[in-house]
Amino acid sequence: MSQHIDLAVIGGTGVYKLATLDDVETRHVETPYGAPSGPVRVGTVLGKRVAFLARHGEGHSLPPHKVNYRANLAALKQLGATRVLALNTVGGITEAYGPRALACPDQVIDYTWGRISTLCEEGGDVLHVDFGDPYTPMLRHKILAAARVTGVTVVDGGCYGATQGPRLETKAEIARMKRDGCDLVGMTGMPETGLARELGLDYACLAIVANWAAGCGTGEEITMAEVLANVEAASAGMAELVGELARG
Ligand code: HPA
């Protein structure tokens, strides 16, 4: 049975639960696209109903190319969500996006391949959804307003380049992405963002910069320990933003 959900949150690498979620109920949801990455935790944050789903599974068992993006979004929609905040752990390419920064990108370039990237199936309706502004502008504005209210610094805008992974990129790949205009690099932004539009969900991304992308910034080797430590350091600000966003 679906009830109103004020905000659905999809957690990325290093974000496997919402510590601020109270009165948690666990929902195992089946969708026409199969099962989502794991149970959806539904509860309240500051009195508002919030649903949380760990994109890679709560034990991080699903690599980016194996995530069932369609089922994840469909499950949240079936539970009654109309707005989705996607938390994406990323590498920073350009200067404003250093480790531990939070950013709310406004553009996407898709470099992924071989992923199911649409709801359109043979024999069904063919949708050519408008995707000029891939993130819902009103939800982006609300994230930025929440940043002002809470005093959490969020970089406004930027282009998210979605790569295939699970390996990190070469320096040449990142240099090409920089020439293309990418500011951030991550492995899960697509097809999720496009599918959200096809499903008619309001959707925006709060990116957590975990490291400098290959060859950027200090140019040091990227380690998983660094990635997780930087996500952890940014998590208090992230939780504050989620609470404020759920309210408005
Ligand atoms: N590249 C791609 N995805 C990422 C990175 C990166 O450097 N850091 C965290 N997710």
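Quick note: the coordinates plus some simple rules give every number you see, no bench work behind them. Remember, predicted model here, so these are calculated numbers, not experimental data. All Cβ positions, even for glycine, are placed from backbone atoms using ideal geometry, and neighbour counts span all protein chains on display.
For this structure, a couple of remarks:
- Sorting the segments 129-135, 30-36, 235-241 by their mean number of nearby beta carbons within 10 angstrom, highest to lowest, gives 235-241, 30-36, 129-135.
- Summing charges over all other residues whose Cβ lies under 13 Å from the Cβ of Glu58, with Lys and Arg as +1 and Asp and Glu as -1, gives +3.
- Over 32 Å between alpha carbons, listed pairs Lys77/Lys178; Lys77/Lys171; Lys17/Lys66; Lys142/Lys171: Lys77/Lys178; Lys77/Lys171; Lys142/Lys171
- Kirkwood-based Rg to Rh ratio, the stretch 7-65, C-alpha trace: 0.97
- Base-10 log of normalised Debye intensity for the chain (one unit scatterer per alpha-carbon) at q = 0.17 Å⁻¹: -1.33
- Distance between the stretch 93-156 and the stretch 15-30 - C-alpha centres, whole angstrom: 23 Å
- A simple rule links phi to the HN-Hα coupling: the Karplus curve 6.51 cos²θ - 1.76 cosθ + 1.60 with θ = phi - 60°, which for the stretch 209-219 gives 7, 9, 6, 6, 5, 3, x, 9, x, 6, x Hz, with x for Gly and Pro.
- Within the chain: Cβ-based charge dipole about Cα centre, in debye rounded to nearest 20 (Lys, Arg +1; Asp, Glu -1): 220 debye
- Counting all C-alpha pairs of the stretch 152-222, share separated by more than 16 Å (%): 54 percent
- Placing unit charges on each Cβ (+1 for Lys and Arg, -1 for Asp and Glu) gives the stretch 7-247 a dipole about its Cα centre, and among Ile222, Leu206, Val50 the Cα reaching farthest toward its positive end belongs to Val50.
- Using the Cβ of Ile174 as centre and a radius below 15 Å, the other residues enclosed give a net charge of -2, where K and R count +1 and D and E count -1.
- Around the Cα centre of the stretch 38-180, unit charges on the Cβ atoms of Lys, Arg, Asp and Glu (plus for the first two, minus for the last two) sum to a dipole of about 580 debye.
- Radius 12 Å from Cβ of Asn211, net charge of other residues (Lys, Arg +1; Asp, Glu -1): -3
- Placed amide H near Gly158: partners under 5 Å, 5+ positions off or other chain: Asp106, Gln107
- A simple rule links phi to the HN-Hα coupling: the Karplus curve 6.51 cos²θ - 1.76 cosθ + 1.60 with θ = phi - 60°, which for the stretch 119-133 gives 8, 6, 10, 4, x, x, 6, 9, 9, 10, 5, 5, 9, x, 10 Hz, with x for Gly and Pro.
- Phi-based couplings in Hz for the stretch 229-234 (Karplus 6.51, -1.76, 1.60; Gly and Pro marked x): 5, 6, 5, 4, 5, 8
- Estimated distance in nm for a label pair at Thr26 and Leu199, the labels positioned 7 Å out from Cα along Cα-to-Cβ: 2.1 nm
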